[in-house]
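Here the structure comes first, spelled out in structure tokens, and everything after it is commentary.
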Amino acid sequence: MGKIRICFLFLFFISIQRIDSILTLRRFNIAISNNLGGNKKLMFNCRSKDGSTAVEFLPVNDVYSTHFVIYPKTLIWCNMWKGPDYVPQAKFDAFVGSKSFIDSVCGGMKPNTCFWQAQDSGIWVRNNTSGAFKFMYDWDTL
């Protein structure tokens with residue numbers, strides 16, 4: 001019985017050492033900023049398997065923020081439309097619950113925010129470590 005318990009504890013500690021499992025149940029944030037020119041509003045909607053935000057209209061230089069708890073396979077995707085006619089749009093994964101996404105796209109866990117910015121040229125994301133913005137997605141015209 002003692003050997004089984006030791007084996008179980010060993011396997012348990014090995015399993016929690018997986019990087020992605022360490023992320024589980026941590027709080028994280030998504031922030032969306034409107035940096036469009038010409039006083040254009042940004043219309044957006046974000047979704048996960050558990051629900052959806054209402055369609056929001058974000059004024060220029062304003063920031064929308066939402067927080068959530070990371071669970072295994074967390075995925076949040078967003079649709080954005082650029083005013084005033086809201087025809088150009090962008091669809092993208094705003095958060096994927098993996099260390100590789102958090103490190104490569106958001107720039108790490110500190111602060112625990114993936115900060116997206118809508119600009120006239122497309123959708124950008126801020127690298128949390130350097131503070132610099134990186135171009136990610138073009139606006140699609142339908």
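The values are calculated or read from the model by the stated rules, or taken from the named source; none is laboratory data. As the structure is a computational prediction, the values presented were derived from the model and not from experiment. Cβ coordinates were reconstructed from backbone atoms using ideal geometry, including for glycine residues, and neighbour counts include every protein chain displayed.
The conditions of being surrounded by 11 or more Cβ atoms within 10 Å (Cβ to Cβ), of a type in the set (Ser, Thr, Tyr) and either over 25 Å from Lys40 (Cα atoms) or modelled with pLDDT under 90 (or both) are not met by Tyr64. For region 104-142, filtered to residues that are charged (D, E, K, R) and loosely packed, with under 15 Cβ neighbours inside 10 Å, the residue that is nearest to His67 (Cα to Cα) is Lys110.
Test of understanding: among Asn39, Asn128, which residue is part of a loop (DSSP other than H, G, I, E, B) and either over 14 Å from the mean Cα position of the chain (by Cα) or more than 29 Å from Leu25 (Cα to Cα) (or both)? Spell out the reasoning first.
Values: Asn128 fails: either over 14 Å from the mean Cα position of the chain (by Cα) or more than 29 Å from Leu25 (Cα to Cα) (or both).
Criteria check complete, one pass: Asn39.
Quick check on region 8-29. Is at least one of its residues closer than 20 Å to Phe92 by Cα, surrounded by 10 or more Cβ atoms within 10 Å (Cβ to Cβ) and at pLDDT 70 or above? The answer is yes; a qualifying residue exists.
What is the residue count in region 81-106 for residues that are over 16 Å from Met43 (Cα atoms) and either of a type in the set (Asp, Glu) or assigned to a helix (DSSP H, G or I) (or both)? If you could, list the steps in order and put the result at the bottom.
Restricting attention to region 81-106, the residues satisfying the condition of being over 16 Å from Met43 (Cα atoms) are 93, 95-106.
Filter once more, so that each one left must be either of a type in the set (Asp, Glu) or assigned to a helix (DSSP H, G or I) (or both): 93, 99-106.
So the answer is 9.
Here Asp93 clears all of (1) touching a Leu at 6+ places or on another chain (Cβ under 6 Å); (2) without any contact (Cβ under 8 Å) to a residue 24 or more places away in the chain except the condition numbered (1).
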